[in-house]
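Since the structure comes first, as structure tokens, the remarks are kept for the end.
Each reported figure results from applying straightforward, stated rules to the coordinates on display, with no laboratory input. A quick note: this is a predicted structure, and the numbers were derived from the prediction, not measured. In this analysis, Cβ positions are derived from the backbone assuming ideal geometry, glycine residues included, and neighbour counts consider all displayed protein chains.
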């Protein structure tokens with residue numbers, strides 16, 4: 001473990017793994033033309049971002065940022081007694097010194113030697129995961145609609161169909177345009193193509 | 001060094017690569033569930049139990065179910081593509097190389113002096129002792145109180161996404177024949 | 001609806017405990033790992049499991065879509081309402097400290113505690129109902145092209 005390269009590898013391997021996962025997700029998005037596969041790729045990418053944040057929050061020898069209840073009770077009481085805390089009325093600039101002072105004064109409290117990992121990345125990722133699944137559901141809903149309209153979820157095929165749509169239409173009706181404006185725009189009574197609506 | 005961590009990381013990488021190689025979408029979805037579960041295990045080791053079991057419930061549970069119900073509506077086989085994978089591979093390798101070069105300046109794993117842990121000072125753990133009157137879980141305090149506005153925004157995003165899914169998927173049965181006809185015509189035109 | 005008896009029996013055994021665990025995670029989130037987001041997804045996964053095994057009609061009797069739909073918005077309303085309540089009591093938006101001396105301490109926890117509790121309930125309701133509603137939207141759409 002003396003060589004600096006090895007030391008660096010031991011210190012940074014977590015980021016490297018995250019980057020490998022991230023790039024795998026990125027590759028799936030770029031190389032695969034199936035829409036569901038692309039959503040899966042985005043999911044893998046997203047999870048690797050969660051992992052990146054969470055690894056940054058880890059402190060060596062630390063534990064989860066949950067203060068043991070009895071310790072929390074004791075420390076809060078001790079702080080209360082010294083009158084350091086007027087809840088919620090700190091001016092922003094002074095809060096720092098005050099609490100640091102309080103901590104120095106109570107370094108002998110039970111549990112003062114526990115190291116906690118950083119809770120901030122956890123909080124950010126917690127909300128991101130739930131928002132992530134909601135947006136994934138949105139993407140999947142769009143995939144379902146695309147499949148209903150195009151009959152396929154392969155990107156190449158969809159592009160082919162779209163190009164064919166641009167060609168002049170020989171067998172009559174532009175009815176699909178009507179359906180499109182009807183369902184997507186919802187209300188566009190002034191569009192000329194809306195004359196023969198589906199219902 | 002902890003061998004459990006290395007085993008989990010190796011499995012994570014293996015699962016991700018397997019997902020990239022699979023053509024059976026059903027199997028790929030299952031592997032995504034396993035991938036989520038493995039990352040939840042790693043998060044547990046990284047001292048983030050809250051994130052870990054959200055990820056386990058969301059990634060291995062709900063998202064797998066949603067993907068499978070999408071597959072039921074769209075079909076399970078991925079068509080082989082004609083494009084060559086060289087260009088995407090090149091892009092990915094270059095990007096990955098740049099990112100790895102970037103990590104060389106990052107603080108080492110678990111370094112207590114990393115910038116992330118220095119701001120805000122005092123840390124939220126210390127603040128919460130004072131502000132929260134002995135509320136033990138700092139993550140909850142941070143989520144609901146210190147970052148309350150943020151969480152309100154995130155909840156609204158979840159609601160909005162839910163509404164959008166309903167708007168897209170819940171439509172009149174009356175429109176079905178029209179949609180089916182349109183799809184048929186489009187395909188006919190593309191084939192012609 | 002799944003016919004396999006083992007799956008049906010095990011599901012019936014598991015669901016009460018999943019729901020109980022969701023409530024524990026929700027209301028014990030101040031003390032241990034947990035909170036509204038986690039409880040929401042766990043609760044929703046119990047409902048979805050029930051729907052997967054016993055069919056969409058069964059789950060729609062338990063959690064009618066018309067109710068779930070309203071709950072989606074009610075959750076956000078509870079969250080924002082907590083903010084407005086603190087404004088009414090003279091504080092800033094979502095400043096829970098003003099809740100400290102407004103209520104009887106015998107029955108309710110103090111300021112920050114109460115605020116966090118209310119907000120987490122709001123988050124839990126929204127996340128549960130959105131996840132369930134998304135499942136309904138996907139499951140009730142049949143393949144027709």
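Summary of values
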read-out	value
Highest-MSF residue in chain B out of B:163, B:45, B:179 [GNM, Cα springs under 10 Å]	B:179
Centre separation in Å (Cα based) which lies between segment B:44-123 and segment B:1-37	12 Å
Residue with peak Gaussian network fluctuation, chain C [Cα springs, cutoff 10 Å], from C:116, C:74, C:134	C:134
Mean ellipticity per residue at 222 nm, deg cm²/dmol - from DSSP H runs of n ≥ 4 across chain B, formula -39500 (n - 2.57)	-21500 deg cm²/dmol
Global geometry of segment B:1-76, whether rounded, prolate or oblate, following the gyration tensor of its Cα atoms and the 1.5 cut on a/c	oblate
Ranking of A:113, C:95 by count of other Cβ atoms within 10 Å, fewest first	A:113, C:95
Shielding by partners - mean other protein chain Cβ count within 10 Å, residues of C:123-131	6
Residue-averaged beta-carbon neighbours from other chains (10 angstrom radius) around B:93-101	4
Crossing angle, helix B:86-103 versus chain B [Cα axis fit, 0-90 degrees, rounded to tens]	10 degrees
Acute angle (nearest 10 degrees) that the helix B:148-169 long axis makes with the longest principal axis of chain B, alpha-carbon atoms	10 degrees
Normalised per residue, the volume of the convex hull around the Cα set of chain C (Å³)	133 Å³
Peptides ranked, highest mean first, by Cβ atoms within 10 Å: ranges A:147-159, B:73-85, C:82-94, B:141-153	B:141-153, A:147-159, C:82-94, B:73-85
Ascending count of other beta-carbon atoms within 10 Å, so fewest first, for B:67, C:72	C:72, B:67
C-alpha center-to-center spacing [segment C:50-64, segment C:23-44] in angstrom	23 Å
Test item: A:68-75 mean partner chain Cβ contacts at 10 Å	4
B:133, C:101 arranged by Cβ crowding within 10 Å, fewest neighbours leading	C:101, B:133
Shape call, segment C:28-99: gyration tensor on alpha carbons, a/c limit 1.5	oblate
Cα gyration tensor category, rounded, prolate or oblate, for chain B with a/c compared to 1.5	oblate
